[in-house]
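Peer 1: Quick one: this structure, given as structure tokens, is what I'll be asking you about.
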Amino acid sequence: MAEQLHIRSFIGTHGKDWEDFGYFQHASVEITNILEGSGTFRYGNAEASVSAGQTVLIPADIPHSFHARSPIRFGVILAEGLPPDTKKLFDRLIRSGGPTIITFAHFNQEQYEQLFRHWLRVTSSPLKEPDRNYTAWLAMLLLFISEHAQTDRQALSIAHIADHIRGNLNSGLQIADLAGMAGLSEEGFRKRFIKVFGMTPKQYQQQCRLTEAKWLLNSTEKDMQTIAESIGFTQLHSFSSWFKKLEGWSPSDWRKNQRLFHQ
């Protein structure tokens, strides 16, 4: 007989002098994201600093505790009886069998917080099929963590630079400036960026520009010139040629086709 799914989720808010009373141990796997502030995470003889943007993944039955160093807020999910496929997603994120701390770049942390708050709404709503909803949402959260987590400081530095690229799509891409932000040579920066994102900084910028252009075309009434300028094209014909080369449609035809499809 399959184990019954049991889930508890909450946001915990504490002052700077708060700490757990001793070590907690439970049969649930735990996903704790630090929403604000900083603190210390302890398990066994190990201790690690944690701060906003980090998530601690804790397998079941491992004694652990949290301690605040500043006012702190946690987003916590405790899940017991996960279906095998969902449990595999969790286990895939765990390193060396013990608690694992992962870090989000700022942009991804904001996205995770939004997903977590939607998750809280789902778990507090009356549902026709609660277990199926909970399992699907947990799988989505775990997949998001898997896709966007960084596990070392240099990778996090590269992720912050990716945030900078994404937030400045209307600016030119100067590799020398980005490499300086990362404290690396231009060649070292390119290699590290490719290792983290699987593409060059220029390819990443183009991917972000295309994603943003599609979003603006599909979800707003902004004119083509405004959209072009917002992602770094001063000339409308350059934007149109670039978009058509990648998508096979002009921006205006792509917009019309999307709206016909959704009518």
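The values are calculated or read from the model by the stated rules, or taken from the named source; none is laboratory data. Note that the coordinates shown come from a computational prediction; the quantities given were computed from them, not determined experimentally. As a convention, Cβ positions derive from the backbone with ideal geometry for all residues, glycine included, and neighbour counts pool all protein chains shown. Calculation scope for accessible area: heavy atoms of the full protein, side chains included, ligands and nucleic acids excluded. Shrake-Rupley method; radii C 1.70, N 1.55, O 1.52, S 1.80 Å.
Peer 1: Filter the stretch 208-217 down to residues that are open to solvent by 40 Å² or more (accessible area, probe 1.4 Å) and over 17 Å from the mean Cα position of the chain (by Cα), then give me how many there are.
Peer 2: 3
Peer 1: Between a residue in the stretch 244-256 that is free of Cβ contacts under 8 Å to residues at least 24 places away in the same chain and any residue that is basic (Lys, Arg), which pairs come within a Cβ distance under 7 Å, given they are 6 or more apart or on different chains?
Peer 2: Close Cβ pairs satisfying both conditions: 250/244.
Peer 1: Of the conditions (1) loosely packed, with under 13 Cβ neighbours inside 10 Å; (2) closer than 23 Å to residue 110 by Cβ; (3) not hydrophobic (A, V, I, L, M, F, W, C), residue 195 fails just one. Which one is it?
Peer 2: (2)
Peer 1: How about the stretch 198-207: which of its residues are open to solvent by less than 70 Å² (accessible area, probe 1.4 Å), modelled with pLDDT of 90 or more and not β-branched (Val, Ile, Thr)?
Peer 2: 199, 201, 204, 205, 206
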